[in-house]
Amino acid sequence: MERLQKVIAQSGVCSRRKAEEWIQEGKVRVNGVVVTTLGTQVRPQDEIEVMGKILEKEELVYFLLNKPRGVVCTAKDEKGRKTVVDLIPTGKRIYPVGRLDYDTTGALLLTNDGAFSNLILHPSSHVEKVYVAKLSKPLSKEAIFQLKRGVLCDGVTVRADRVKVRKIHSDGTCIVEITIHDGRNHQVKKMFEAVGVLVDKLKRERIAFLTVDHLKSGESRPLNRKEVHQLYALANQKEKE
Ligand code: URA
């Protein structure tokens, strides 16, 4: 289910604000009935008519991007900076599924499928994300234990499913792999901060079964149908657990 004004805006006929105006002015019908309530939920199979014209459903698209450093993770930036959407060769109104920080690199999904995005981002969806972090100092056994047991992040306890030290450098910095299920803003940095370590560099290596191994920095590829189905199945299945 999606909000009516969002579905109209996503079809490309107008902005969300304009869609809201038209709904309130009685210019929108759902399955033949005028709807004037903002936020009315519609299903994919509902027929939406805007100013007498049946809305053509936009083809749903899904991309995997290897996000470079120095690009903002939003559809439009007020400061005019380059966004992740600028890197995807599509005319469709896509947006990122969740956030990677300005200085974080790696795997990022983008789509115009709101239902998919909601499902993947839902706190109970449990799609696994694997990050590799360069840390300012070695990670003690106690810190690893704490990360797995749970640390406070914005007042909520979050846990790492796995933490693995990959490398310890002679200057004291180290490379650590951390796997999490949820996706709060700045979560990985905050988790390490909670155990007294700063993150110098961060890359998301994997989302579920998707890696960016074959994509150069800034490159993207469309997901195939099987991958989209697999992601839907994974998110749905975990949600029921
Ligand atoms: N956690 C962070 O701290 N930053 C990101 O970009 C992603 C996860």
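Read-outs: derived from the displayed coordinates by stated rules, not from any lab. Here the structure is a predicted model, which is why all the values come from computation and not from measurement. Methodologically, a virtual Cβ is constructed for each residue, glycine included, from the backbone with ideal geometry; neighbour enumeration extends over all protein chains shown.
Some points to look at:
- In the stretch 30-135, taking the dipole from charged Cβ atoms about the Cα centre, the farthest positive-side position among Ile88, Val42, Gly70 is held by Gly70.
- Assigned charges on the beta-carbon of Lys, Arg, Asp, Glu; the stretch 2-54 dipole about Cα centre (debye): 140 debye
- Selection among Val228, Ser170, Leu152 by position relative to the dipole of the chain gives Ser170 as farthest towards the positive end (Cβ unit charges, Cα centre).
- Secondary-structure-derived ellipticity at 222 nm for the chain, considering helices only, amounts to -7000 deg cm²/dmol, per-run term -39500 (n - 2.57) for DSSP H runs with n ≥ 4.
- Anisotropy class of the stretch 124-241 from Cα gyration tensor, a/c 1.5 cut: oblate
- Within the listed set Asn66, Asn118, Asn31, the Gaussian network model of the chain (springs between alpha-carbon atoms below 10 Å) gives the highest mean-square fluctuation for Asn31.
- Residues considered: Arg17, Arg99, Arg221. Largest GNM mean-square fluctuation over the chain, using C-alpha springs under 10 Å, is found at Arg17.
- The long axis of helix 225-240 is offset from the longest Cα principal axis of the chain by roughly 80 degrees.
- Shape call, the stretch 2-54: gyration tensor on alpha carbons, a/c limit 1.5: rounded
- Within the chain, the longest segment free of exposed loop sites, counting chymotrypsin sites (Phe, Trp or Tyr not before Pro) that fall outside DSSP classes H, G, I, E and B and have at most 12 other Cβ atoms within 10 Å, spans 103-208.
- Placing dummy labels 7 Å off each Cα toward the beta-carbon, the span from Glu78 to Gln45 is 4.2 nm.
- Taking every C-alpha pair closer than 8 Å and separated by at least 6 residues, the mean separation divided by the residue count of the chain gives a relative contact order of 20 percent.
- Computed from label points 7 Å out along Cα-Cβ, the spacing between Lys167 and Lys190 is 3.0 nm.
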